[in-house]
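The values are calculated or read from the model by the stated rules, or taken from the named source; none is laboratory data. As the structure is a computational prediction, the values presented were derived from the model and not from experiment. Here the Cβ positions follow ideal geometry from the backbone for every residue, glycine too, while neighbour counts run over all protein chains shown. Areas reflect the complete protein model, heavy atoms only, side chains present, ligands, DNA and RNA absent. Shrake-Rupley method; radii C 1.70, N 1.55, O 1.52, S 1.80 Å.
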Amino acid sequence: MLTINLIREKRDFIIERLKIKNFEAGEILDRIIAIDTERRDIQTRTDQMQGEMNRISKEIGSMMKDGKKNEADAAKEKTYKLKEEIKNLSDKLIPLDNELRNEIIKLPNLPHESVAPGHGADDNVKVREGGQITVLPDSAVPHWELIKKYDIIDFDLGIKLTGAGFPVYKGKGARLERALINFFLDEGGKAGYREVMPPIMVNEDSGFGTGQLPDKEGQMYHAGLDNFYLIPTAEVPVTNIYRDVILSAGELPLKNVAYTPCFRREAGSWGAHVRGLNRLHQFDKVEIVQIAHPDHSYECLEEMVSHVESLIMKLGLPYRILRLCGGDMSFTSALTYDFEVWSGAQKKWLEVSSTSNFESFQSNRMKCRFKEKGDKQTKLVHTLNGSALALPRIVAAILENNQTETGIKVPEVLVPYTGFDIIN
RNA sequence: GGAGAGAUGGCAGAGCGGUCGAAUGCGGCGGUCUCGAAAACCGUUGUUCGCCUUCCGGCGAACCGGGGGUUCGAAUCCCCCUCUCUCCGCCA
């Protein structure tokens, strides 16, 4: 959520920046500015009247004490009309506040100056790539055949238990999944992230704080009886740890890493291109989240990018890093790097991490602020997060790229975690 | 699920219709003392919005879990909601 101050002061700048995201902001901004002007006018007037009212009430108090009942009654007479005027005016204030907020939350975050214009995936900018593109023999098969062959992930059983997109990991498949989670968590710990285990259901306030609500309501599973949402990513609970909190500059950046299952309804996005592990309703992910000082948040972002990159390198997977163009970025992000790994048998790139700086977009929703030492005023922190990493496509890539005649070779770094070096 | 009690500033905890943004203690910050530290002593100490101020700041409004009501006036009285605690029940 953009701050009202920025909107008041930099209307034209916002319009320019949002063009990069192919968003026409002019009309909304003008509406916001008009509502805001009216709101301030009304508040100024009600504040004045309320002050007058408070003064008279105090006078009545001391008159009563002094036994001047007649004077007090006369003063009461004066308040009746004033009270009514205040009510008439202040009744307008709440609807105006709501209206204002409803308009402001329609505005996406401003893209960072390094973000290229563009409309979709084709316009993303390749930052760098690493690893060797895997060349597999013609006999190589995609992961959905490998998991059947070795009986390590069972989609049909998941359909029986729940529905499509809820796989059951079995035997070495389950072990591999757990090994990856532990490996990612341990690597996060080594990089200075505190491990947390948050709830995987959140309330409405948390959903709003990170920007899932009201926008992506339909993309989350909702437990209606209690009004809880199953998290689509650990970003939601972990970032909301700092909702309504005032930090001191000295404690920044705060770094947390969390493993959670993630739940996504993925309404309307199924098709032939999302076979097997490519898209699921429930999947595992380790997420890193940073709460950063605004002056240093882009250094934090670079550090997170290096961390994610190191994970992929250690797993020995070919990868590339993309800086998303304006049209492909999320509503909430200021700058996003996507990480993709090469899936040898499908012969395509699979997105395994999205690492972003949200600047103050989430913190303004969450009211997460900090104070500089000796400073009275509060400022908004910057929030960042990244997948480090999302499991299913990593598993898909490992299975496909590492397949051999005799079985699937487990990446060396994972062997201490799995307890085996081949799936056969 | 049943019965009862409660929710006040960073924490603990008073206040139960007017002078209460709120006593007191602890903590935090600044200072005195000290070679330095501790102790002691002194001072200071929330957030949001609006108006004025080119800085420093000043003035006003609101906030005592959330929402509504009574009243000239509400932390204090009434209603609803949420949450917490205690006992009972159930239970990994």
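Suppose the chain between residue A:91 and residue A:196 were pulled fully straight at 0.36 nm per residue; how much longer would it get relative to their current alpha carbon spacing?
Result for the pair: 33.4 nm of gain on full extension.
Computed on the stretch A:47-103, the Cα convex hull volume stands at 63 Å³ per residue. Taking chain A as a Gaussian network of alpha-carbon nodes connected by springs under 10 Å, the highest mean-square fluctuation of the residues A:33, A:312, A:14 belongs to A:33. Pair-distance distribution P(r) for the stretch A:160-267, from all Cα-Cα distances in 5 Å bins starting at 0: 2, 10, 17, 19, 18, 16, 11, 4, 2, 1, 0 percent. Leaving ligands, DNA and RNA out of it, report the carbon-plus-sulfur percent of the accessible area of the stretch A:334-390 at a 1.4 Å probe. Ligands and nucleic acids excluded, carbon and sulfur give 43 percent.
Placing a pseudo-label 7 Å from each Cα along the Cα-to-Cβ vector at residue A:245 and residue A:38 gives an inter-label distance of 3.8 nm.
Accessible area ranking (1.4 Å probe, heavy atoms, ligands and nucleic acids excluded), largest first, for A:178, A:243: A:178, A:243.
Between helix A:391-401 and chain A there is an angle of about 20 degrees, using the helix long axis and the longest principal axis of the Cα atoms. Axis angle, to the nearest 10 degrees, between helix A:69-104 and the longest C-alpha principal axis of chain A: 20 degrees. The protection proxy used here, the mean number of other Cβ atoms lying within 10 Å of each residue, ranks peptides A:198-209, A:19-30, A:71-82 as follows, highest first: A:198-209, A:19-30, A:71-82.
Can you give me the % of accessible surface on the stretch A:1-158 that is carbon or sulfur? Probe 1.4 Å, all protein chains present, nothing else counted. Exposed carbon and sulfur together represent 50 percent of the surface. Once the C-beta distance of residue A:31 and residue A:310 is scaled by a Förster radius of 41 Å, the resulting FRET efficiency is 0.30 to the nearest 0.05. Which percent, to the nearest 5, of DSSP beta bridges fully inside chain A are antiparallel? Approximately 90 percent, going by the DSSP bridge assignments. Here the label points at residue A:83 and residue A:348, each 7 Å from Cα along the C-beta direction, are separated by 6.9 nm in the simple model.
State whether the stretch A:226-337 is rounded, prolate or oblate according to the following rule on the C-alpha gyration tensor (a ≥ b ≥ c being the square roots of its eigenvalues): a/c under 1.5 gives rounded; otherwise a/b larger than b/c gives prolate, and the remaining case gives oblate. It comes out oblate by the Cα gyration axes. Relative to the longest principal axis of the Cα atoms of chain A, the long axis of helix A:26-66 lies at roughly 50 degrees.
Using the Cβ atoms and a cut-off under 10 Å, what net charge is assigned to the surroundings of residue A:151, where Lys and Arg are +1 and Asp and Glu are -1? Around residue A:151, the surrounding residues sum to +3.
Determine the dipole magnitude for chain A: charges of +1 sit on the beta-carbon of Lys and Arg, -1 on that of Asp and Glu, nothing else is charged, the reference point is the Cα centre, and the result goes in debye to the nearest 20.
Working: 56 positive and 62 negative charges, 140 e Å.
For this selection, approximately 680 debye.
Solvent exposure of chain A amounts to 48 Å² per residue of accessible area, where only protein heavy atoms count and the probe is 1.4 Å.
Helical runs (DSSP H, four residues minimum) scored at -39500 (n - 2.57) apiece and divided by the length of chain A put the mean residue ellipticity at 222 nm at -13500 deg cm²/dmol.
Stretching the chain fully between residue A:145 and residue A:160 yields a gain of 3.4 nm (0.36 nm per residue, less the alpha carbon separation). Solvent-accessible area of residue A:91, all protein chains in place: 80 Å² (probe radius 1.4 Å, heavy atoms, ligands and nucleic acids excluded).
For the stretch A:82-230, the spherically averaged projection of the C-alpha convex hull amounts to 17.8 nm². When the charge dipole of chain A is built from unit charges on Cβ atoms (+1 for Lys and Arg, -1 for Asp and Glu) and taken about the Cα centre, the candidate among A:315, A:245, A:401 whose Cα reaches farthest toward its positive end is A:245. Orientation-averaged projection of the stretch A:1-119 equals 9.1 nm² [convex hull of Cα atoms, one quarter of hull surface area]. Normalised by 2.2 N^0.38 Å, where N is the number of residues, the alpha-carbon radius of gyration of chain A equals 1.24. Pairs exceeding 30 Å between alpha-carbon atoms, taken from A:58/A:92; A:21/A:373; A:255/A:314; A:216/A:255; A:314/A:347: A:21/A:373. Annotation for the stretch A:172-203 versus the stretch A:1-64: alpha-carbon center distance of 44 Å. Relative to the 2.2 N^0.38 Å rule of thumb, the stretch A:136-205 has a C-alpha radius of gyration ratio of 1.51. A crude spin-label estimate for the pair residue A:267 and residue A:10, with each label 7 Å from Cα along the Cβ direction, gives 3.4 nm. Look at the dipole of chain A built from charges on Cβ: of A:358, A:209, A:336, the Cα furthest out on the positive end belongs to A:209.
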